[in-house]
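The values are calculated or read from the model by the stated rules, or taken from the named source; none is laboratory data. This is a predicted model, so every value here is computed, not measured. FYI the Cβ positions are ideal-geometry reconstructions off the backbone, even for glycines, and counts take in every protein chain you see. Accessible surface areas use protein heavy atoms only, side chains included; no ligands, DNA or RNA. Shrake-Rupley method; radii C 1.70, N 1.55, O 1.52, S 1.80 Å.
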Amino acid sequence: MEKLSFVGKSLPRKDALIKVTGRAAYADDREFAGMLYAAAVRSPRPRIKILSISDARARHTSGYVTLVTYRDIKGVNKWPVVMQDYPFLPEKEARFAGETVALVVAKTAAAAKAAARLVEIKFKELPFIDDPLKSLEKDSIKIYGKDNIISSFVVKKGAVDKAFNNAAYVVEGEFSTNYQVHAYLETQGAIAVPEPDGGVTVHSSTQCPFYVLDAVAAALGLPYHKVKILQTVTGGGFGGKEDVPALVASHAALCAAKTGRPVKLIYGRKEDFQSMSKRHPGWARVAYGADKNGRLIACRVKYVLDGGAYATLSPIVLWRGTVHAAGPYKIANVSIETYAAATNKVPCGAFRGFGQPQICFAQESLIDELAAKIGMDPVDFRMKNMLEPGDKTVTGQRINSSCGLKELVGVVRKRSGWDKKKAEGFRLKAESDKARGIGFSATYYGVGLGAKGRYLDRAGALVNIYKDSSVCVNVGNTEMGQGALTVLAQIAAETLNAPYESVRVEEVDSSKVPDSGPTVASRTTLMSGNAIIEAATPLRGRIFKTAFNLLTAKGADFSRPMVASKGAFSMGGKTVTFREVTAECWNLRQKMSEQGWYAAPRTTFKMENGQGDAYVIYSYSADAAEVEVDLKTGVTKVLKIWAAYDVGKIVNPRLAMGQAQGGILQGMSWALYENLVYKNGIMVNPNFTDYVIATTADKPEYDITFLEKPYAEGPYKAKGMGEVPLIGVAPAVANAIANACGARVRLVPLLPEKVWKEIRMMKN
Ligand code: MTE
């Protein structure tokens, strides 16, 4: 490995100071002269036929300006996201409670909200569906297409029925998981500012500025060059600011277009809960078969996601779940069928892990059940069957050398004291009502969008070196808390040998960089990192050559090698700084600005059998969870998580640790607490009083290890890590509960009442 100055170091976050001092300007902090405010008028019921919308009463609100409906749309009334089924504003039918039906614009935010409450929607209630499994039944009412199926995939390999018939051991189980709310600190928001030439500039809290660009241009019927998207400092996304900010921004833009004034639209927490995307609830029936030696020979999966009322990102989320549904194992005979079913509930979309955590909970729980049936230790069983370099995944993709899964499992086994703890069995303390247990999981994660999003797996970068030697980098992927600005600055600094402090990475401006796809699928470091390297490499050539000439002119002994390190260049006892070198480059009128572009290697997926090289590369994780279960109440406390990750080269160890801890806590929160409830198509707990998430008070002790298996195509050999730490947490916790008290709970969240019920059933 080459000696690195900036990559691999825990350098300070670029955005730390503005965030901790409260100076960061989020969407709601921005003000513009003459600005108006918008508020949404929302559908009150799960499915309605809209008969009329009247602002007769709303008009009397002081400060009221106007009502915006679908009639004000100059472009096409179809939000251009994967499938074009979601209108910007509905014309005849609203398909879930909370859907924006119209917008009110007023002089203050309070007036807009008050007036929105007075807008009258006359409607006829239509029959609705709130259960994805019922939605798929043949005789269900049809609310989406001809069969209520938004999207569906298969993976077929080998002879599954025969393999199950020949299996010495078979397990089968049904599992389900509930919604997860992104709980970003900053709710959704955007400001649209009309430009004198008829264009618009949109300030948007978003993960994906180019999705916002697509949508605003479509809604306003404008060419792209008249629409500029500026990402505002984004207070968390976790996938929840992938698609829907485009809708929010389009609504603000429609209001701005109608009034000719800047319009701000900031969501309240309740409406954000009710109408913005969520992690899909999932249902799965999984079966595994093993031979008498404990080798996995068969796997059958049926996996259903509750897509909600519109497709949004369901096809892509479902596809990732499909590809990973059998787990990180070599299995010759596989049958996976998956469906995203429509319901009249909030449309679900991306959430850290993207359709994988739900199915991983099912398959990794069942792997433990199979090991128990065979009489094998669950870690031994995983070790025996897991993917190693040279093996093929269920889609037939050969795993390359950047695969440290077996080592990860070994590390976690050792560090957690697995063998000793497991041997103790149910560790009931005679005098107490509490039992402790330990559980394991192993996962793999395809980095980037893979074959289903291959046209989007590209990124651009613009690197500018100013006369004073400071460096400005523009990229098309976003910072949302994960540390992209910092990691990408490290990559730029490393490639240019520029001092880290002199490099600034900008929040995205859609007019400065080409469409770089979404900031999802843990792809930023890989994609934007490579684009930066491509842009910086010719600059590096010029800088290094100029440094050599300067050193030679200074009388350096040029028979000695030139060393570039930490922003300085040395040779034969002489040194010049990056600043001196770039000043000389400018004197020589060299080009000090370059663009870069990276397109991921080709990926493939055959729709008829799900075979192909689904992703460019995989990251890996292993988790062990130790829990304490209160046998009287079923309350589970996670005491400690041991985790190990192979995500390639770690660019910033401190940030990577933060991502690991945050991902684990978010995964634990989903596993144990988060319970969004719908009754008759209405969300009943859209707030943080009744929807409980883990806080730092609940955090377990962490023991985290990184094993850096280099990825040759990655920037400085990095892969991707943002989502990986969440995925395996829920099954590790569920397996630990089963180990503690014998209760096998197949529903996430693993609520106390469910654990308690299982304990009671075992006693009876
Ligand atoms: N960490 C913070 N603090 N805030 C976030 O919104 N999003 C997660 C993860 N970590 C997120 C986060 C999600 S969903 C993804 S896909 C990755 O970061 C994206 O970051 P990357 O592409 O830089 O890996």
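Residues that are open to solvent by 10 Å² or more (accessible area, probe 1.4 Å) and touching a Phe, Trp or Tyr at 6+ places or on another chain (Cβ under 6 Å) were ranked within segment 512-533; the one that is farthest from the ligand (Cβ to nearest atom) is D515. Within segment 677-707, the residues that satisfy the criterion of being within 16 Å of the ligand (Cβ to nearest atom), in a loop (DSSP other than H, G, I, E, B) and not aliphatic (A, V, I, L, M) are T695, K699.
Inside segment 330-377, residues that are more than 16 Å from the ligand (Cβ to nearest atom) and either open to solvent by 10 Å² or more (accessible area, probe 1.4 Å) or not assigned by TED's automatic domain parsing to the domain that holds L296 (or both) make up a count of 15.
Just one of the listed residues (A58, A27, A39, A112) is open to solvent by less than 20 Å² (accessible area, probe 1.4 Å), closer than 30 Å to V487 by Cα and either out of contact with any helix residue (DSSP H, G or I) (no Cβ under 6 Å at 6 or more places or on another chain) or in the same structural domain as P223 (by TED's automatic domain parsing) (or both), namely A27. If only residues of segment 740-756 that are modelled with pLDDT of 95 or more and in a helix (DSSP H, G or I) are counted, the one that is nearest to G437 (Cα to Cα) is V755. Are any of the residues in segment 504-511 more than 16 Å from the ligand (Cβ to nearest atom), of a type in the set (A, V, I, L, M, F, W, C) and not assigned by TED's automatic domain parsing to the domain that holds P245? Within segment 504-511, not a single residue is more than 16 Å from the ligand (Cβ to nearest atom), of a type in the set (A, V, I, L, M, F, W, C) and not assigned by TED's automatic domain parsing to the domain that holds P245.
Anything in segment 210-243 that is in contact with a Leu (Cβ under 8 Å, 6 or more places away or on another chain) and closer than 22 Å to R269 by Cα? List them, or say none.
If the condition is that a residue be in contact with a Leu (Cβ under 8 Å, 6 or more places away or on another chain) and closer than 22 Å to R269 by Cα, then G235, G236, E242, D243 are the ones that fit.
In segment 271-291, of all residues being outside any strand (DSSP E or B) and among the hydroxyl-bearing types (S, T, Y), the one that is surrounded by the most Cβ atoms within 10 Å (Cβ to Cβ) corresponds to S277. For S432, are the conditions met, namely being open to solvent by 10 Å² or more (accessible area, probe 1.4 Å), under 30 Å from G610 (Cα atoms) and part of a loop (DSSP other than H, G, I, E, B)? Here the answer is no, as S432 does not meet what is asked.
Under 30 Å from Q397 (Cβ atoms), at pLDDT 95 or above, of a type in the set (A, V, I, L, M, F, W, C) and open to solvent by less than 10 Å² (accessible area, probe 1.4 Å) - does that describe any residue in segment 697-714? No, segment 697-714 contains no residue that is under 30 Å from Q397 (Cβ atoms), at pLDDT 95 or above, of a type in the set (A, V, I, L, M, F, W, C) and open to solvent by less than 10 Å² (accessible area, probe 1.4 Å). Of all residues in segment 715-738, those satisfying the criterion of being farther than 30 Å from I491 by Cα and either at pLDDT below 95 or among the small types (G, A, S) (or both) are A730, A732, A734, A736, A738. For segment 477-503, the candidate set comprises residues that are acidic (D, E) and more than 10 Å from the ligand (Cβ to nearest atom); within that set, the residue that is surrounded by the most Cβ atoms within 10 Å (Cβ to Cβ) is E494.
Within segment 455-476, one or more residues are touching a strand residue (DSSP E or B) at 6+ places or on another chain (Cβ under 9 Å), modelled with pLDDT under 95 and surrounded by 24 or more Cβ atoms within 10 Å (Cβ to Cβ). Would you confirm whether or not segment 404-423 contains a residue that is open to solvent by 10 Å² or more (accessible area, probe 1.4 Å) and among the β-branched types (V, I, T)? Yes, that holds for at least one residue. Report yes if some residue within segment 734-749 is under 30 Å from R95 (Cα atoms), away from the ligand (no atom under 16 Å from the Cβ), surrounded by fewer than 17 Cβ atoms within 10 Å (Cβ to Cβ) and not assigned by TED's automatic domain parsing to the domain that holds A489; otherwise report no. Yes, some residue in segment 734-749 is under 30 Å from R95 (Cα atoms), away from the ligand (no atom under 16 Å from the Cβ), surrounded by fewer than 17 Cβ atoms within 10 Å (Cβ to Cβ) and not assigned by TED's automatic domain parsing to the domain that holds A489. What's the number of the condition G260 fails, among (1) open to solvent by 10 Å² or more (accessible area, probe 1.4 Å); (2) in contact with a strand residue (DSSP E or B) (Cβ under 8 Å, 6 or more places away or on another chain); (3) in the same structural domain as V748 (by TED's automatic domain parsing)? Tallying (1) open to solvent by 10 Å² or more (accessible area, probe 1.4 Å); (2) in contact with a strand residue (DSSP E or B) (Cβ under 8 Å, 6 or more places away or on another chain); (3) in the same structural domain as V748 (by TED's automatic domain parsing), G260 fails exactly one: (3).
Looking only at strands (runs of 3 or more DSSP E) that fall completely inside segment 15-122, which ones have 1 or more residues that are free of Cβ contacts under 8 Å to residues at least 40 places away in the same chain?
By residue number, no strands (runs of 3 or more DSSP E) qualify.
Could you tell me which residue of segment 657-676 is farthest from the ligand (Cβ to nearest atom), considering only residues that are more than 24 Å from L747 (Cβ to Cβ) and surrounded by 22 or more Cβ atoms within 10 Å (Cβ to Cβ)? Per the criteria, the residue is A660. Within segment 317-329, the set of residues being within 16 Å of the ligand (Cβ to nearest atom) and either charged (D, E, K, R) or part of a strand (DSSP E or B) (or both) comprises R320 only.
Only one entry of S565, S559 meets the criterion of being in contact (Cβ under 8 Å) with a residue 60 or more places away in the chain and exposed (fewer than 15 other Cβ atoms within 10 Å of the Cβ), and that entry is S565.
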